[in-house]
Amino acid sequence: MAQIIDSLPTKYSNRILCSYLNTTSRIQIARITNIVHWHLERAIFPGQHLLFEAVPDAQLEIHTSKVISAVLTDKITCARLRVDEGSGFSSNALNKGQS
């Protein structure tokens, strides 16, 4: 199931559509905090697909849940998660190397 979230404010003209897939068996928290005046934070369940707009310099932090807490397990630049809008999901949309 894909989750589509609020887009960036209109002042960001260089926005890109990004895709992230939770391929783990654990709940993950996706977070972007390095963009001025914009913050993203979403829970992503196992097998869930997240579509979001960002700028290429944004970094998606992935926090993977453990029994009681979440541990930062990955940081991915949004330029790597960019979706090729002309032909559906790109190969970058299927994230590899997740913990």
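Details
- Virtual spin-label span in nm between residue 79 and residue 45, 7 Å along Cα→Cβ: 3.5 nm
- Which of 10, 77 has the fewest Cβ neighbours within 10 Å, and the rest in rising order: 10, 77
- 71, 36 arranged by Cβ crowding within 10 Å, fewest neighbours leading: 36, 71
Every number in this text was worked out from the coordinates using simple rules, so none of it is lab data. On a predicted model such as this, the values are computed, not experimentally measured, just so you know. Quick reminder, even Gly has a Cβ in these numbers, built from the backbone with ideal geometry, and neighbours come from all protein chains shown.
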